[in-house]
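Down below is the structure, laid out as structure tokens.
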Amino acid sequence: MRSGIPNLSALQAFEATARLGTFSRAAEELSLTHSAVYRQVASLEQRLGVQLFTRVRRRIVLTDHGAEYAGRIRQHLDQIEKDTFGLVSRTGMGRSLHIAVVPTLATTWLIPRLADFAERHPDITVSLSVRTLPFQFKDHPFDGALYHSDHLWPGTRGVLLFRERELVPVCAPALAKARGGEGPLGAMPHLHLLSRPDAWRDWYGQNRHDYGPHAAGGPRYELFTMVLAAAEAGLGVGLVPRFLAQDALDAGRVTEASPGVLRVPHGYYFSYPESGTRIETLKIFQTWLQAVAGSDSIG
């Protein structure tokens with residue numbers, strides 16, 4: 001047992017009490033007695049030398065230190081639960097893969113096509129989790145990753161599925177008619193993607209327009225799907241990969257706000273560690289991904 005880590009039962013009792021607000025409700029959730037939960041929390045406070053709760057009349061209230069610690073412990077317990085579920089699912093019937101994905105590509109492109117993979121390979125279960133930043137496979141419980149980049153991650157094997165090619169400025173048709181103002185996009189608010197803060201600057205540069213304060217302003221969104229939804233709602237003009245915006249363009253929900261596009265060298269890659277126990281299963285999934293990407297004529 002690591003000397004710096006408190007007893008797991010005490011941590012569970014503390015987290016449940018912090019979340020539910022009473023020892024009684026925590027005891028009910030954990031199938032323990034009120035006194036057992038109280039003793040666990042008291043022993044945790046004694047071990048840490050920190051007061052986690054204070055009494056206000058007949059209620060218990062988290063201290064500032066207790067509230068911060070509860071949030072952190074909750075994250076760790078959630079991760080232990082996920083890791084345990086992953087282990088159990090991997091040792092069950094059939095083969096399984098746990099793939100890290102960028103969210104927009106997963107919801108708009110991958111998931112709608114996974115039924116085909118399940119039909120072709122019913123013995124392989126594919127689970128997905130969102131990751132937007134690069135990571136080391138040795139530090140995370142993933143078998144593979146589908147991500148946006150201009151190269152394969154170091155120390156991995158895999159393929160470029162397709163290039164993003166270009167981002168197009170799109171807005172609601174009504175907003176395009178009433179754009180007003182000066183410049184190539186008039187007075188329309190510019191919608192920005194948090195992970196690509198320089199996209200609009202690059203668009204203006206490639207199309208030889210001045211990038212001013214108006215273009216730099218505007219709301220920020222975390223996902224391309226949010227940018228596209230905001231553009232459809234008439235909130236402004238957004239830069240979105242053409243292959244993601246094409247359905248909305250074809251349906252007339254948005255229109256191209258300018259003939260200029262932003263050409264990008266990046267693409268969507270699938271990769272996995274160079275060694276491991278699931279290499280053959282990953283190769284099957286990779287082959288299917290390549291076939292689907294090729295049939296979609298994206299890359």
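The values are calculated or read from the model by the stated rules, or taken from the named source; none is laboratory data. Just so it is clear, the model here is predicted, and its values are computed rather than measured. In this analysis, Cβ positions are derived from the backbone assuming ideal geometry, glycine residues included, and neighbour counts consider all displayed protein chains. Accessible surface is based on the protein model in full, side chains and every heavy atom, while ligands, DNA and RNA are left aside. Shrake-Rupley method; radii C 1.70, N 1.55, O 1.52, S 1.80 Å.
Determine whether residue 277 is of a type in the set (Ser, Thr, Tyr), open to solvent by 50 Å² or more (accessible area, probe 1.4 Å) and closer than 18 Å to residue 109 by Cβ.
Numbers: of a type in the set (Ser, Thr, Tyr): yes; open to solvent by 50 Å² or more (accessible area, probe 1.4 Å): yes; closer than 18 Å to residue 109 by Cβ: no.
Judged against the criteria, residue 277 is not a match.
Do you know which residues across region 111-126 are within 18 Å of residue 143 (Cα to Cα), in contact (Cβ under 8 Å) with a residue 60 or more places away in the chain and part of a helix (DSSP H, G or I)? First the steps, then the outcome.
First, pick out the residues of region 111-126 that are within 18 Å of residue 143 (Cα to Cα): 111, 114, 117-118, 121, 123-126.
Then keep just the ones that are in contact (Cβ under 8 Å) with a residue 60 or more places away in the chain; that gives 117, 121, 124, 126.
Listed by number, the list holds a single entry, 117.
Given the residues 218, 205, 252, 238, which is the only one that is modelled with pLDDT of 95 or more and on the phi > 0 side of the Ramachandran plot?
Numbers: 218 fails: modelled with pLDDT of 95 or more; 205 fails: on the phi > 0 side of the Ramachandran plot; 238 fails: on the phi > 0 side of the Ramachandran plot.
Criteria check complete, one pass: 252.
Do the conditions hold for residue 96, that is, is it assigned to a strand (DSSP E or B), open to solvent by 30 Å² or more (accessible area, probe 1.4 Å) and of a type in the set (Ser, Thr, Tyr)? Walk me through it before giving the result.
On the way: assigned to a strand (DSSP E or B): yes; open to solvent by 30 Å² or more (accessible area, probe 1.4 Å): no; of a type in the set (Ser, Thr, Tyr): yes.
When the stated conditions are applied, residue 96 does not pass them.
Suppose we filter 196, 220 for residues that are open to solvent by 30 Å² or more (accessible area, probe 1.4 Å) and touching a strand residue (DSSP E or B) at 6+ places or on another chain (Cβ under 7 Å); which single one remains?
Details: 196 fails: touching a strand residue (DSSP E or B) at 6+ places or on another chain (Cβ under 7 Å).
Result of the check over 196, 220: 220.
List every residue pair whose Cβ atoms lie under 8 Å apart, where the two residues are 6 or more positions apart in sequence or sit on different chains, the first residue falls within region 158-185 and is free of Cβ contacts under 8 Å to residues at least 60 places away in the same chain, and the second residue, located anywhere, is outside any helix (DSSP H, G or I) and not β-branched (Val, Ile, Thr).
As it stands, the answer is 180/186; 180/187; 181/187; 181/188; 183/209; 183/210; 183/212, since those pairs meet every condition given.
Can you pull out the residues in region 241-274 that are open to solvent by less than 40 Å² (accessible area, probe 1.4 Å), part of a strand (DSSP E or B) and of a type outside the set (S, T, N, Q)?
241, 262, 267, 268, 269, 270, 272, 273
Would you mind telling me which numbered condition in (1) surrounded by fewer than 16 Cβ atoms within 10 Å (Cβ to Cβ); (2) closer than 20 Å to residue 290 by Cβ residue 145 fails?
Going through (1) surrounded by fewer than 16 Cβ atoms within 10 Å (Cβ to Cβ); (2) closer than 20 Å to residue 290 by Cβ one by one, residue 145 breaks only (1).
Quick one: in region 19-45, of everything that is under 17 Å from residue 73 (Cβ atoms) and free of Cβ contacts under 8 Å to residues at least 24 places away in the same chain, which residue is most open to solvent (accessible area, probe 1.4 Å)?
Residues of region 19-45 under 17 Å from residue 73 (Cβ atoms): 19-21, 23, 26, 29-30, 37, 40-45.
From what's left, free of Cβ contacts under 8 Å to residues at least 24 places away in the same chain: 20, 26, 29-30, 42, 45.
Values: 20: 36, 26: 0, 29: 93, 30: 54, 42: 38, 45: 47 Å².
Restricting to residues being under 17 Å from residue 73 (Cβ atoms) and free of Cβ contacts under 8 Å to residues at least 24 places away in the same chain, the top hit is 29.
Conditions first: (1) of a type in the set (D, E, K, R); (2) closer than 30 Å to residue 185 by Cα; (3) open to solvent by 50 Å² or more (accessible area, probe 1.4 Å). Residue 157 passes all but one, so which condition is the exception?
(2)
For region 176-188, does any single residue satisfy the condition of being modelled with pLDDT under 95, in contact with a Phe, Trp or Tyr (Cβ under 6 Å, 6 or more places away or on another chain) and not in a helix (DSSP H, G or I)?
Checked region 176-188: no residue is modelled with pLDDT under 95, in contact with a Phe, Trp or Tyr (Cβ under 6 Å, 6 or more places away or on another chain) and not in a helix (DSSP H, G or I).
How many residues does region 162-178 hold that are within 20 Å of the chain's Cα centre (by Cα) and buried (at least 22 other Cβ atoms within 10 Å of the Cβ)?
Total meeting the criteria: 0.
Here is a yes/no grid of residues against (1) open to solvent by less than 50 Å² (accessible area, probe 1.4 Å); (2) at negative phi; (3) assigned to a helix (DSSP H, G or I):
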site: 17; (1), (2), (3): yes, yes, yes
site: 55; (1), (2), (3): no, yes, no
site: 75; (1), (2), (3): no, yes, yes
site: 84; (1), (2), (3): no, yes, yes
site: 108; (1), (2), (3): no, yes, yes
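Considering region 127-142 alone, what residues qualify as being outside any loop (DSSP other than H, G, I, E, B) and either open to solvent by less than 60 Å² (accessible area, probe 1.4 Å) or in contact with a His (Cβ under 8 Å, 6 or more places away or on another chain) (or both)?
Taking region 127-142 first, the residues outside any loop (DSSP other than H, G, I, E, B) are 127-130, 137-139.
If the condition is that a residue be outside any loop (DSSP other than H, G, I, E, B) and either open to solvent by less than 60 Å² (accessible area, probe 1.4 Å) or in contact with a His (Cβ under 8 Å, 6 or more places away or on another chain) (or both), then 127, 128, 129, 137 are the ones that fit.
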